[in-house]
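Q: Here's a structure for you.
The values are calculated or read from the model by the stated rules, or taken from the named source; none is laboratory data. Computed from a prediction, not measured in an experiment: that's the story for all the values here. Here the Cβ is made from the backbone with ideal geometry for all residues, glycine too, and neighbour counts use every protein chain on show. Areas reflect the complete protein model, heavy atoms only, side chains present, ligands, DNA and RNA absent. Shrake-Rupley method; radii C 1.70, N 1.55, O 1.52, S 1.80 Å.
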Amino acid sequence: MLEDIELNVGEGEAVALVGPSGCGKTTLLNLAAGLLTPWEGTIASSFARPAMMFQQPRLLPWKRTLANIGLGLKARGVGRAERDRQAAGLATRMGLTADDLAKYPGALSGGMQSRAALARAFAVAPDLLLLDEAFSALDIGLKSELYALLAGERAAHGSAVLMITHDLMEAVRLADRILVMSGSPGRIVAEHRVDTPVAARDEAWVFARTAEFIRWPEIRAAFALPPLEGA
Amino acid sequence: MKRAAGDWLAATGHYLWSGWGSLASLGIFLAIWELTAQQLGPLILPTPIEALGTLHGLFASGAAGPEIAVTARRALAGFALSVGVGSLLGLAAGVSLTASMMARPIITVLVGMPPIAWLILALLWFGAGDGTPVFTVFIACFPIIFVGAMQGTRTLDGQLKEVARMFGLSTWMKLTDVYLPHVVSYLFPAWISALGMSWKIVVMAELLSTEDGIGAALAVSRSHLDTAASMAWIVALVGTLLAIEYLLLEPLKRRVESWREFASSSN
């Protein structure tokens, strides 16, 4: 399914994998997460505390929101009082109210569930955060709010990010390095470094860079877009 | 806080109101019984009042209490045994695909085997005594509970398993925080249907194999052509089952599965 992939994520670096559906992005991410083992090749990770946010919030429906956020901390043996305190603090920064924290996930709106899922990932202070199209089902207002929260947490902990997305604008906005994948077999066809610091990327800049980016022949080929006239 | 109190009030009100519905349908049932009894006469079918009167007499004379206790002891012993063994083996079979595939034909045989056949075997093995009804109840309830536990484990959302692995949950945490809460939602209905089953089977077994218990009392009242006493024993039997289900299992289920109700009532 995947062929000749060499991918390194440095400490504190944000890498975005973009590509069409079915090109093996998710497989690659699951390999990196250790959820799958490769048939051939090796995966080496020196990250001690990886965390992942999935496309769906995937909260445990029988645990209240506060306990869901503290799940990773519980797995690390953090005591109940301490993990509730940390989870509540993080949740408040994420815009969840005390009322939301006492509810079961089924009683929360989709947006609140996504915030809780992001908080759960941040709760373990990850040095590597894996994002599996985590924002793709959200409305643009919530997206930009979660982008800001992500940027804030990254700045605070220096976590590396490996994200997969089919939203070029999201990649341009968040990543230090963008890798373009194409399908069958999945391979990396282009690499692009974004040097502007994340904090300095305003809307106009993101639009301009995305527009420029989408004109690239590799991108057009990977997404099976027709070649531009005169290009 | 105020909202939670409101939710609780609404839920309780709803439950009580649904109780009225049950009472009404019980009333209709008793009315039909009464009408049929008036048509057929007391030898064929005594009226509800007569049956309850006889039951009251049985309690007053001290005959009913010990018999009900004996039957309940046997049914609950067989039920408890099948809950323990069936739940554990079912969980174990659900975890492994091979084990669940191997278990399937055996379970089909166990489900398909009529309890009366087990009863004959049990009579040969255990003779007349507690062993026969307890074993028959156990073997009849076991496949129901086993299948419930196995299905529960097999249907666990693969996505939640990934979450558990990603966040490094220990085996113990996977069991208590991920597997069990899900499995319980399959186990409880299985336990409740097994409990109903155990009450039916125990009486059948007693009727044929023992000297005491509701089943034996039914055999005696049948031989005396005492329809009123037969109905009284049947009412006692059903009443005990309903009491256990609604006073013990139902509240327990509501407590364990409170997340489900909250999730559905607020959305």
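Q: So with the 1.4 Å probe, I'd like the accessible area per residue for the protein assembly as shown, rounded to whole Å². Present the calculation step by step, with values, prior to reporting the outcome.
A: Values: 25170 Å² over 498 residues.
Heavy-atom accessible area per residue stands at 51 Å².
Q: Using the Karplus curve 6.51 cos²θ - 1.76 cosθ + 1.60 with θ = phi - 60°, what ³J(HN,Hα) values do you get for each residue of region A:106-122, in whole Hz, with x for Gly and Pro?
A: Computed from phi, the couplings for region A:106-122 are x, 8, 9, 6, x, x, 5, 5, 5, 4, 5, 5, 5, 4, 4, 5, 6 Hz.
Q: Amide H to amide H under 5 Å from A:VAL189: which residues, 5+ apart in sequence or cross-chain, H placed 1.01 Å off N in plane?
A: Amide H neighbours of A:VAL189, under 5 Å, 5+ apart: A:VAL180, A:MET181, A:SER182.
Q: Probe radius 1.4 Å, ligands and nucleic acids ignored: give me the carbon and sulfur share of the accessible area of the protein assembly as shown as a rounded percent.
A: Working: 16170 of 25170 Å².
Using a 1.4 Å probe with all protein chains present, the protein assembly as shown comes out at 64 percent carbon and sulfur.
Q: Enumerate the amide H contacts of A:MET53 below 5 Å, restricted to partners 5 or more residues apart or on another chain; note that Pro and chain-start residues carry no placed amide H.
A: Residues meeting the criterion, in which the H sits 1.01 Å from N, are A:LEU130, A:LEU131, A:ASP132.
Q: If you wrap a convex hull around the alpha carbons of region A:76-184, what volume per residue comes out, as a whole number of Å³?
A: Values: hull volume 14.5 nm³, N = 109.
It comes to 133 Å³ per residue, whole-number rounded.
Q: Separate question: Of the candidates B:ALA194, B:ALA24, B:ALA80, which one comes out as most mobile in a Gaussian network treatment of chain B with C-alpha springs shorter than 10 Å?
A: B:ALA24
Q: Let me have the relative contact order for chain B, percent, based on Cα pairs under 8 Å that are six or more residues apart. Don't skip to the end; give the middle numbers.
A: On the way: 263 pairs, mean separation 65.4, N = 267.
Normalised by residue count, the contact order of chain B is 24 percent.
Q: Mind checking the dipole of chain A: about its Cα centre, +1 per Lys or Arg Cβ, -1 per Asp or Glu Cβ, Debye to the nearest 20? Mind dumping the intermediate values first?
A: Working: 24 positive and 26 negative charges, 210 e Å.
Once rounded to the nearest 20, the dipole reads 1020 debye.
Q: Between the alpha-carbon centers of region B:77-127 and region A:200-231, tell me the distance in whole angstrom.
A: Cα centroid to Cα centroid, the span is 64 Å.
Q: Gaussian network model of chain B, Cα springs within a sub-10 Å range: biggest mean-square fluctuation belongs to which of B:THR132, B:THR210, B:THR98?
A: Greatest mean-square fluctuation among the candidates belongs to B:THR98.
Q: Straight distance only, please: which lysines reach the Cα of B:LYS253 with their own Cα at less than 23 Å, same-chain residues fewer than 8 apart left out?
A: A:LYS63, A:LYS103, B:LYS174, B:LYS200
Q: Quick one: Debye curve from the C-alpha atoms of region A:57-124, no solvent, what's log10 I(q)/I(0) at q = 0.13, 0.24 Å⁻¹?
A: -0.27, -0.95
Q: Using a loss threshold of 40 Å², tell me which positions in region B:153-189 are less accessible in the complex than in their chain alone. Probe radius 1.4 Å, ligands and nucleic acids ignored.
A: Those are B:GLN159, B:LEU160, B:GLU162, B:VAL163, B:ARG165, B:MET166, B:PHE167, B:MET173, B:ASP177, which lose 40 Å² or more relative to the chain on its own.
Q: Now for a different question. Using Cα atoms only, what is the angle between the long axis of helix A:80-93 and the major principal axis of chain A, expressed in degrees (0 to 90) to the nearest 10?
A: Taking Cα atoms only, the helix is inclined about 50 degrees.
Q: A further question on this structure: Determine Rg/Rh for chain A; Rg is computed over alpha-carbon atoms and Rh is the Kirkwood hydrodynamic estimate from the same atoms.
A: On the way: Rg = 18.2 Å, Rh = 18.5 Å.
Rounded to two decimals, Rg/Rh equals 0.98.
Q: Just the ratio, please: alpha-carbon radius of gyration of the protein assembly as shown over 2.2 N^0.38 Å, N its number of residues.
A: Working: Rg = 31.6 Å, N = 498, 2.2 N^0.38 = 23.3 Å.
Taking N as the residue count of the protein assembly as shown, the ratio is 1.36.
Q: For region B:62-265, just run the numbers: alpha carbon Rg, then divide by 2.2 N^0.38 Å, N being how many residues it has. The partial results should precede the final answer.
A: Numbers: Rg = 19.8 Å, N = 204, 2.2 N^0.38 = 16.6 Å.
For region B:62-265, the normalised Cα radius of gyration comes out at 1.19.
Q: Still on this model: Determine the total buried accessible area between chain B and chain A, counting protein heavy atoms only with a 1.4 Å probe; round to the nearest 100 Å².
A: Values: alone 15690 and 11740 Å², together 25170 Å².
Separately minus together, B and A give about 2300 Å² buried.
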